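Below is one structure; the comments refer to it alone.
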Amino acid sequence: MPHDHHDHLSPSGHPYRADDDTPLSYWQTMEIAVRELLVEKNVTTPEEINAQIDKMDARSPAIGAAVVARAWVDPDFKQRLLKDGSAASLEMGFDVGPMHLIAVENTQDTHNIIVCTLCSCYPRNLLGLPPDWYKSRAYRSRTVKEPRKVLSEFGVTLGENVTVRVHDSTADMRYVVLPARPKDTDGLSEAELASLVTRDSMIGTGVARNPST
């Protein structure tokens, strides 16, 4: 009997099995079941689901970089960001949704690093999809136990006088690091400053780029 590729797809057009033909996990199966029920009950449509997926996939660290650059050039905005990250981001048109976003600032004597010890909670609305290493068990456990060693493996070496603070994200509370502004950037525009902000610097496993590199 001919085997149609579409036999692998659910009614909303999504695969029932992973791309590598491995069985779906319990949670993947549950996600499909709930999604198909919502479509069946006319709560949503496959097109709306796909549009939302495309919207999420389009998010990138450039959004967070724009927020950081604004904080670097606008002291009042910086204070609002540190007071309420969600509200400050919304000022720039970036809605982080119902989660509570907390911005933590790196200074000469404090370095912040973000982790989610339980799973992979991450400020996706600002930074896009999390890197694979962020979701790994090794990063999630070692960052709490030996943050300085983890940072050194990312190329971030800190003096003993620098306090390292580890922030554990949750399902309803996410963190983003406000990295230190690089030296010799006084003449740069906000857009040029944003280009110096890396994804890792907003997680805390990196620092902002030096404009001369």
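The values are calculated or read from the model by the stated rules, or taken from the named source; none is laboratory data. Predicted, not measured: the structure shown is a model, and the values here were computed from it. Note that we place each Cβ from the backbone using ideal geometry, even for glycine, and neighbour counts take in every protein chain shown.
Kindly evaluate residue 72 against the criterion of being part of a helix (DSSP H, G or I), surrounded by fewer than 16 Cβ atoms within 10 Å (Cβ to Cβ) and among the aromatic types (Phe, Trp, Tyr). Spell out the reasoning first.
On the way: part of a helix (DSSP H, G or I): yes; surrounded by fewer than 16 Cβ atoms within 10 Å (Cβ to Cβ): no; among the aromatic types (Phe, Trp, Tyr): yes.
No: the conditions fail for residue 72.
Please find, within segment 95-124, the residue that is nearest to residue 205 (Cα to Cα) out of those that are among the polar types (S, T, N, Q) and in contact with a strand residue (DSSP E or B) (Cβ under 8 Å, 6 or more places away or on another chain). So that I can check it myself, show each step before the final result.
Taking segment 95-124 as the starting set, the residues that turn out to be among the polar types (S, T, N, Q) are 106-108, 110, 112, 117, 120.
From what is left, the residues that are in contact with a strand residue (DSSP E or B) (Cβ under 8 Å, 6 or more places away or on another chain) are 106, 110, 112, 117.
Numbers: 106: 12, 110: 13, 112: 9, 117: 16 Å.
Checked segment 95-124; the qualifying residue nearest to residue 205 (Cα to Cα) is 112.
For residues that are touching a residue at least 60 places away in the same chain (Cβ under 8 Å) and among the charged types (D, E, K, R), tally how many sit in segment 184-199.
2
Just a yes or no: is a residue in segment 122-130 farther than 22 Å from residue 62 by Cα, at pLDDT below 95 and not polar (S, T, N, Q)?
First, pick out the residues of segment 122-130 that are farther than 22 Å from residue 62 by Cα: none.
Checking segment 122-130: not a single residue is farther than 22 Å from residue 62 by Cα, at pLDDT below 95 and not polar (S, T, N, Q).
Under the condition of being β-branched (Val, Ile, Thr) and either modelled with pLDDT of 90 or more or in a helix (DSSP H, G or I) (or both), which residue from segment 45-64 is farthest from residue 85 (Cα to Cα)?
49
From the residues in segment 21-44 that are more than 26 Å from the chain's Cα centre (by Cα) and part of a loop (DSSP other than H, G, I, E, B), which one is modelled with the lowest pLDDT?
Checking each candidate, the answer is 21.
It is to be established whether one or more residues within segment 163-173 are over 25 Å from residue 62 (Cα atoms) and either charged (D, E, K, R) or at pLDDT 95 or above (or both).
The answer is yes, given that some residue of segment 163-173 is over 25 Å from residue 62 (Cα atoms) and either charged (D, E, K, R) or at pLDDT 95 or above (or both).
Does residue 188 satisfy the condition of being over 21 Å from the mean Cα position of the chain (by Cα), surrounded by 13 or more Cβ atoms within 10 Å (Cβ to Cβ) and of a type outside the set (D, E, K, R)? I'd like the intermediate steps shown before the answer.
On the way: over 21 Å from the mean Cα position of the chain (by Cα): yes; surrounded by 13 or more Cβ atoms within 10 Å (Cβ to Cβ): yes; of a type outside the set (D, E, K, R): yes.
Yes, satisfied.
Which of the helices (runs of 4 or more DSSP H) found entirely inside segment 94-181 contain at least 2 residues meeting this: in the same structural domain as residue 193 (by TED's automatic domain parsing), surrounded by 13 or more Cβ atoms within 10 Å (Cβ to Cβ) and out of contact with any Phe, Trp or Tyr (no Cβ under 9 Å at 6 or more places or on another chain)?
Correct list: 124-127, 137-145, 147-153.
I'd like the full set of residues that are in contact with a strand residue (DSSP E or B) (Cβ under 9 Å, 6 or more places away or on another chain), part of a loop (DSSP other than H, G, I, E, B) and of a type in the set (Val, Ile, Thr), limited to segment 182-205.
Correct list: 205 only.
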